Amino acid sequence: MGRGWTVMGVVNVTPDSFSDGGLWLDPGAAIDHGAQLHADGAAILDIGGESTRPGAEPVDGAEECRRVIPVLEGLRERAPGAVLSIDTSKLDVARAALQAGATYVNDVTALRHDPGIAELVAEAGIDCCLMHMQGEPRTMQDDPRYDDVVDDVRAFLEERAGFAIAAGVAPERIQVDPGIGFGKSLEHNLALLRRLDEIAALGFPVVIGVSRKRFLGALTGREVAADRVAASVAANVLAYERGARVFRVHDVAPTVDALKVAAGTLPGDDA
Ligand code: HH2
């Protein structure tokens, strides 16, 4: 596993995201925000038009497109070097997003909601992220249970990667994500971070999304999501050390600094 890392900056074009809902609902504001995140060092910008926070209600595809397409089109002009990712589980949204310039699909249902996304990704020859989630956002935090959370998540990701490959997606186009906070208790999240090397052992680049999440509030006592930046940076550095290579974050600049230090001090090939 190489030392390389990539930061994915979050651009939530939603009224109700857990940490920044409503801030970037206006397309112009979202485009400015995304361009700034790219300038701060996010090689990937992840544009989402539907919140998946615990308790969130689903949004229909037309509304999701109305939110994200102008932002993708704007960022294609304003941040031409950025990889534009569409954070969606819907085939029609993914298809429209690709036409608007997206070259990465981040699907929190790992191609279960709309399996046809697999063929879309395969034909376009682009990268995708397959994320683990137990249940669905509306109810996923109601008493989640696993036999062994790390074994269960690893087996799920392996099965979904197999599905994608069978649909024609090249293995090197697949990234996997244990889905921190998606149908997981505090202990489940901590076990996944402690044993992240077992997920990395699948051989696909591991994406990790800890940014500002509730489990960090539980550990630090910080109630306000925007106050969890230091906690998020710490968790990302530990995830890097355990094999994660793509970091989905709201706070790009401090994460980039921390990953530069982490990459420079990873044990292994001292001169
Ligand atoms: N987390 C969120 C959304 N999408 N995608 C991946 N691959 N991994 C994650 O951990 C992940 C994700 C939730 O964070 P956010 O987008 O900030 O909030 P909301 O879903 O409320 O918009």
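A few points about this structure:
- Estimated 222 nm signal from helices in the chain, with DSSP H stretches of n ≥ 4 weighted -39500 (n - 2.57), rounded to 500: -13000 deg cm²/dmol
- Selection of chymotrypsin sites (Phe, Trp or Tyr not before Pro), the stretch 1-105, meeting DSSP coil and at most 16 other Cβ within 10 Å: none
- Fraction of the pair-distance distribution of the chain above 26 Å, Cα-Cα pairs, percent: 36 percent
- Direction-averaged projected area, Cα convex hull, the stretch 142-182: 3.4 nm², rounded to one decimal.
- Looking at the chain, the accessible area is 42 square angstrom per residue; that uses a 1.4 Å probe and ignores ligands, DNA and RNA.
- Distance from the C-alpha centroid of the stretch 110-129 to that of the stretch 166-206: 17 Å, rounded to the whole angstrom.
- Rg to Rh, two decimals, where the stretch 8-80 supplies the alpha carbon set and Rh follows Kirkwood: 0.96
- For the chain, DSSP calls about 0 percent of its internal beta bridges antiparallel.
- Relative contact order of the chain: 18 percent, from C-alpha pairs under 8 Å at least 6 residues apart in sequence.
- The stretch between Glu223 and Ala166 holds 16.2 nm of extra length on full extension. This uses 0.36 nm per residue minus the Cα-Cα distance.
- For the stretch 111-155, a crude dipole built from +1 on the beta carbon of Lys and Arg and -1 on the beta carbon of Asp and Glu, taken about the Cα centre, is about 80 debye to the nearest 20.
- Fraction of accessible area attributable to carbon and sulfur, the stretch 68-151 (%, probe 1.4 Å): 44 percent
The values are calculated or read from the model by the stated rules, or taken from the named source; none is laboratory data. Keep in mind that what you see is a predicted model, and the values were worked out from it rather than measured. Heads up, the Cβs are rebuilt from the backbone with ideal geometry, glycines too, and the neighbour counts pull from every protein chain shown. Note: areas computed on protein heavy atoms with side chains; ligands, DNA, RNA excluded. Shrake-Rupley method; radii C 1.70, N 1.55, O 1.52, S 1.80 Å.
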